[in-house]
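The structure appears right after this line, and notes come after that.
The values are calculated or read from the model by the stated rules, or taken from the named source; none is laboratory data. Keep in mind it's a predicted model, so treat the numbers as computed, not measured. Reconstructed Cβ throughout: ideal geometry from the backbone, glycine too, with neighbour counts over all protein chains shown. Accessible surface areas use protein heavy atoms only, side chains included; no ligands, DNA or RNA. Shrake-Rupley method; radii C 1.70, N 1.55, O 1.52, S 1.80 Å.
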Amino acid sequence: MTRSRKESQIRHSLQIELEVAPSPSSAAAITFAVAFMALVSLPGLGHKGLRALVDTYGENLGHVWEDSPGRIQRILTRARVPQAGDLALRLVAEAPRWIEQGQAEVQRLAEQKVHILSPKALPRSLQEIPDPPRWLFVEGNPEILQHKPVVAVVGTRKPSEEGKQAAKIVAEILAAYPVVVVSGLAEGIDAVAHRVSLQEGVPNVAFLGHGIRLVFPRATESLRRRIVAQGGAVATEYLPNERYSRSNFVARNRL
């Protein structure tokens, strides 16, 4: 028997075994945050795979470990995730490993005062937009995301002096009203809106175009700390260590 044929038979036997013997029902008790970070730990799953599984299992994401590799493979195949069969087998066969890693990641994020919001915990205003986020990482006060009314400020990174002054005046005027200012924590108009509104005591929310562990640009690091310190929040749908890109910044503007 050739080595490749033997490996194929072993894999087939493993798949049959897992199809008829799902993982323990205790997996259903896993929180969304732990289940999500466990799946993030699985190499190759990617955004498409994560979104497909969250769309399928929702709040009960831990139930993925009660399902058969066959069904998980079908979910990932429909989402066009490469090597869906191998990923489904690894997900179930190595469940304790992924769950342990998920628990450790959630703990590390909690130490950084970062919350993971499940689909139902997202504010309704975000649930109802086209292509809504499936999850959010939130540093600071997640309840501020539910506040209304909200004023969003999106502007150029290279404003004129007149543009900066206009943004400053708008932020000062908004301070007279019970609003939350939302912007993108970028240099330029975003930074002016954040800085002036914070000086006036207005709560802020900043949506990032990268992971929550990355500080970019460095020039806005102090603003980020102030947003959190003054009861606001910094939020992102990107994975904790994910780097920024032009497309990420464009996509985050919908939030």
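Taken over segment 117-147, the criterion of being farther than 15 Å from ARG51 by Cβ and without any contact (Cβ under 8 Å) to a residue 24 or more places away in the chain is satisfied by ALA121, PRO123, ARG124, GLU128, GLU143, GLN146.
Take the residues in segment 42-71 that are more than 24 Å from LEU117 (Cβ to Cβ) and without any contact (Cβ under 8 Å) to a residue 24 or more places away in the chain; name whichever of them is least open to solvent (accessible area, probe 1.4 Å). Please lay out each step first, then the result.
Residues of segment 42-71 more than 24 Å from LEU117 (Cβ to Cβ): 43-44, 68-71.
The next check asks that each one be without any contact (Cβ under 8 Å) to a residue 24 or more places away in the chain; those that pass are 43, 71.
Values: PRO43: 76, ARG71: 95 Å².
Within segment 42-71, the match that is least open to solvent (accessible area, probe 1.4 Å) is PRO43.
When segment 25-40 is filtered for residues that are over 14 Å from the mean Cα position of the chain (by Cα) and either at pLDDT 95 or above or outside any helix (DSSP H, G or I) (or both), the ones remaining, listed by number, are ILE30, THR31. Confirm whether ALA193 is at negative phi and either of a type in the set (Asp, Glu) or in contact (Cβ under 8 Å) with a residue 60 or more places away in the chain (or both). No; evaluated as a whole, the condition is false for this residue.
Looking across segment 87-114 at every residue that is touching a residue at least 24 places away in the same chain (Cβ under 8 Å) and touching a Gly at 6+ places or on another chain (Cβ under 8 Å), the one that is nearest to LEU39 (Cα to Cα) is identified as LEU87. Within segment 204-227, which residues are over 18 Å from the mean Cα position of the chain (by Cα) and either at positive phi or hydrophobic (A, V, I, L, M, F, W, C) (or both)? If the condition is that a residue be over 18 Å from the mean Cα position of the chain (by Cα) and either at positive phi or hydrophobic (A, V, I, L, M, F, W, C) (or both), then ALA219, LEU223, ILE227 are the ones that fit.
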